[in-house]
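Below is one structure, written out as structure tokens; the observations come after it.
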Amino acid sequence: MFEIDQFVADCRAAIAEDASHKAVREVVERAVAEPGSVLKSLGEPRAAGIDALYHGDDLTILNVVWAPLMTIMPHEHRMWAVIGVYTGAEDNMFWRRIEGEPGKSRVEAAGARSLRVGDAEPLGRDIVHSVTNPIPRLTGAIHVYGGDLIAVQRSEWDAETLLEQPYNRARNQRLFDEANARLAVA
């Protein structure tokens with residue numbers, strides 16, 4: 001049975017044993033291998049959003065719910081992450097930095113990985129990715145980050161120009177709010 005407190009304790013014990021993502025990936029993989037248990041504990045997703053399950057200097061654990069057909073622009077975390085899907089689907093496009101003039105860093109597509117229920121995918125600390133929910137219903141995933149994701153200064157890349165800019169938490173929250181407004185109309 002998936003229990004949030006035990007999951008957090010297991011993730012924290014895993015990074016105490018190995019500071020890389022490897023042991024945490026095993027914890028996430030075990031959790032999403034029983035998606036019904038995760039759904040019972042977290043509840044069936046009702047709206048897009050990000051809910052912090054744990055936030056500390058050592059780890060940030062989020063329950064991320066993507067709206068149907070929602071896409072979020074390329075961004076980085078500046079720390080490793082492990083994504084585990086417990087309902088729906090998450091398509092990750094990976095991007096490669098192209099260095100240009102100072103302050104004009106761009107990205108270009110470099111690969112992709114489709115995640116489905118039960119998948120647990122690690123992302124390295126330097127990965128730039130964008131996320132799309134490719135299906136017409138809500139998707140839920142547990143995202144575990146190897147540090148304080150809230151406090152770190154990071155970047156995102158404009159969806160049209162692919163130019164680097166500071167990550168804007170308020171703009172990203174608006175993407176979730178707008179997706180929920182569309183969901184309410186549908």
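The values are calculated or read from the model by the stated rules, or taken from the named source; none is laboratory data. Everything numeric here is computed off the predicted structure, so don't read it as measured data. We place every Cβ from the backbone using ideal geometry, glycine too, and count neighbours over all the protein chains shown. These area figures cover heavy atoms from the full protein model, side chains too; ligands, DNA and RNA do not enter into them. Shrake-Rupley method; radii C 1.70, N 1.55, O 1.52, S 1.80 Å.
Quick look at the numbers
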{"read-out": "Unmet criterion (only one of (1) within 29 Å of V185 (Cβ to Cβ); (2) open to solvent by 40 Å² or more (accessible area, probe 1.4 Å); (3) outside any loop (DSSP other than H, G, I, E, B); (4) not β-branched (V, I, T)) for H75", "value": "(2)"}
{"read-out": "Verdict on A159 being of a type in the set (A, V, I, L, M), assigned to a strand (DSSP E or B) and surrounded by fewer than 21 Cβ atoms within 10 Å (Cβ to Cβ)", "value": "no"}
{"read-out": "Residue in the range 161-182 that is more than 18 Å from the chain's Cα centre (by Cα) and basic (K, R) present", "value": "yes"}
{"read-out": "Residues being surrounded by fewer than 22 Cβ atoms within 10 Å (Cβ to Cβ), part of a helix (DSSP H, G or I) and small (G, A, S) - total across the range 9-28", "value": "4"}
{"read-out": "Qualifying residues in the range 29-56 (those that are in a helix (DSSP H, G or I) and touching a Phe, Trp or Tyr at 6+ places or on another chain (Cβ under 7 Å)) - the one farthest from A120 (Cα to Cα)", "value": "S41"}
{"read-out": "Positions within the range 31-61 being out of contact with any Cys (no Cβ under 8 Å at 6 or more places or on another chain), aliphatic (A, V, I, L, M), closer than 28 Å to P166 by Cβ and surrounded by fewer than 22 Cβ atoms within 10 Å (Cβ to Cβ), in sequence order", "value": "A47, I50, A52, L53"}
{"read-out": "Filter result (crowded, with 18+ Cβ neighbours inside 10 Å and of a type in the set (D, E, K, R)) within the range 107-139", "value": "D119, E121"}
{"read-out": "Unmet criterion (only one of (1) open to solvent by 50 Å² or more (accessible area, probe 1.4 Å); (2) hydrophobic (A, V, I, L, M, F, W, C); (3) outside any loop (DSSP other than H, G, I, E, B); (4) in contact with a strand residue (DSSP E or B) (Cβ under 9 Å, 6 or more places away or on another chain)) for V64", "value": "(1)"}
{"read-out": "Residue that is surrounded by the most Cβ atoms within 10 Å (Cβ to Cβ) [pool: residues in the range 140-152 that are touching a residue at least 60 places away in the same chain (Cβ under 8 Å) and part of a loop (DSSP other than H, G, I, E, B)]", "value": "G146"}
{"read-out": "So A181, is it surrounded by fewer than 14 Cβ atoms within 10 Å (Cβ to Cβ) and free of Cβ contacts under 8 Å to residues at least 40 places away in the same chain", "value": "yes"}
